[in-house]
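Every number in this text was worked out from the coordinates using simple rules, so none of it is lab data. Just so it is clear, the structure is predicted and the values come from calculations on it, not from any experiment. Please note: Cβ atoms are built from the backbone with ideal geometry, for glycine as well, and neighbour counts cover all protein chains shown.
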Amino acid sequence: MDPLMSISPAELYNHRRGNRTYRGYTIPLSVGDAQEKLLPAAPSIGSANREGLMEIFWSPFTLLLVFVPLGVASDALEWGDGWTFVLNFIALLPLAKLLGDATEELAVALKNDAVAGMLNATFGNVVEMMITVNTLRARKMPVAERTNVVKCTLLGSILSNLLLVLGMSFCFGGLTEVKVQAAASIVEGEKEQKFAMKGVNMSMGLLTFCCMSFALPTLFAQGYQDNMKDLLDVSHNGALLVASAYVAFLFFQLVSHKHTLDKDEGRLTKDHGTEDSEDRPPLSIWLSILMMVVITVITDKISDYLCESIHGVTGSVNLDFLGTILLPIAGNACEHLGAVRFAMDDKPGLAVGIAVGSSTQVALFVVPFAVIVGWILDVPMTLDFGLINTAVIFFSVLLVTVLMADGRSHWLKGYLLMLAYTFIAVLFWNLPPKMS
């Protein structure tokens, strides 16, 4: 997923024109760039599109596109589930990045806050959504295995952002040399970074609410194990309630309190200079749409091949480990690298916004989306995540909330978060099927 997938359209517009912003975390231009300057002549649409496409495809991830035809061939020529899984897993990495880039380009080109905001909200986690739908429809897997893989994948996506991405950002951001000594987000004399807390507190509150939405149906299922009808009723209504919380969160973030969040981060970043960001205009609307459609279709087919091969590889890899640890990497690898890069560049607000914001999106939007899709497909997808999974997500949210309470980060906090993620990975690697 692209590091800027979840940015609001207004923030994307500012990002293109020099101000880096993410979920209300604003990083203004350097003093020299802030001075009035003559604007260059606008390039033609054709040259702008060529320049934009070259920039999008000029990435090491692009080299991995060679695995796309190999993944298709592995399914068509029946090379076996093992090869099909590995090849299509790798193929998803560059496709997720390109889909994120196309979404960002279209959001900037639209110049309409409402439409672009909904676009980013929907396509911000489109890879997870595709894996969810294709897994629930997978013909080779038993129904119980389908729902278990979906739950593990969504749980893993939340955990990877909340523990691994945030932990790596804190750790590497706290160990790299300070580049801008005058930055208000850096504590002088020691490498300790500061970030604004208003947006973070809101996101952590929403994640705590999501923990409740997982825990209550799970406890209900433990007490009434044979009452699937009532559990489905609780889950379906709960999913609608959680989805409504996501809509309210978008309104809060993009409309009612947007300037409040901007001002909060502005206190920390007003002295933090950064190099000018992209000055080029975005791709044209039609090229952005065409790029999104083509990549979405290809990504859907690749994720379908991947999901159909899962059942065949569970004999050699623990299903819970595969769903919780491996599958989330396919949609989040680019995002992981982006957050760490921002932290190492002394932009902790962006790194925190990516990690915590992405976890919030998955918990508030993709999880209820999965339950509703299961409802439509007549697959018993519930909010009963099991006692182990519920405990894991609860203690993860609790740990992150405690470590971020003071609005400061350093390498030790990052190390603790990475240790927690490693502990969970070991747990799921050894988790017996009966406890799944």
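By the scheme Lys and Arg +1, Asp and Glu -1, what is the net charge of all other residues having a beta-carbon under 10 Å from that of Arg137?
Values: positive: Arg139, Arg146; negative: Asp304, Glu308.
Residues near Arg137 contribute 0 overall.
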Task: Cα-projected label distance for Thr176 with Lys111, points at 7 Å along beta-carbon direction, nm - done: 3.4
Open item on the list: Between Arg341 and Ala405, what is the label-point separation in nm under the 7 Å Cα-to-beta-carbon projection?
Closed with: 3.5
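Quote to one decimal, in nm, the extra length available between Arg137 and Asn237 on full extension: 0.36 nm per residue of separation minus the C-alpha distance between them. Write down the numbers at each step before the final one.
Values: separation 100, 0.36 × 100 = 36.00 nm, distance 2.22 nm.
This chain segment gains 33.8 nm when fully extended.
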- [ ] Once you have a ≥ b ≥ c as the square roots of the Cα gyration tensor eigenvalues for the stretch 195-258, tell me rounded if a/c is under 1.5, and otherwise prolate or oblate according to whether a/b is larger than b/c.
- [x] oblate
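Classify the stretch 359-436 as rounded, prolate or oblate, taking a ≥ b ≥ c as the square roots of the eigenvalues of its Cα gyration tensor: rounded when a/c is under 1.5, otherwise prolate if a/b is larger than b/c and oblate if not. Intermediate results must be reported in sequence, preceding the final value.
Values: a/c = 3.22, a/b = 1.58, b/c = 2.03.
Oblate.
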Task: Residues of the stretch 366-382 with amide N under 20 Å of the 7 Å Cα→Cβ point at Asn227 - done: 380-382
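Taking 0.36 nm per residue of separation and subtracting the Cα-Cα distance, what length does fully extending Leu53 through Trp429 add? Intermediate values should be presented prior to the final figure.
Numbers: separation 376, 0.36 × 376 = 135.36 nm, distance 4.07 nm.
Taking 0.36 nm per residue and subtracting the Cα distance, the gain is 131.3 nm.
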Open item on the list: Could you derive backbone 3J(HN,Hα) for the stretch 350-359 from the dihedral phi with the Karplus parameters 6.51, -1.76 and 1.60 (θ = phi - 60°), listing whole Hz in sequence and x where the residue is Gly or Pro?
Closed with: 5, 4, 5, x, 5, 5, 6, x, 5, 4
TODO: Would you pull out the residues with amide H under 5 Å of Glu192's amide H, same chain only if 5 or more places away, H placed 1.01 Å from N?
DONE: Val187
- [ ] Please give, to one decimal in nm, the separation of the simple spin-label points placed at Val66 and Lys198, each 7 Å out from Cα toward the Cβ.
- [x] 5.0
Open item on the list: Nothing charged except the Cβ atoms of Lys and Arg (+1) and of Asp and Glu (-1): what's the magnitude of the dipole of the stretch 281-436 about its Cα centre? Round to the nearest 20 debye.
Closed with: 340
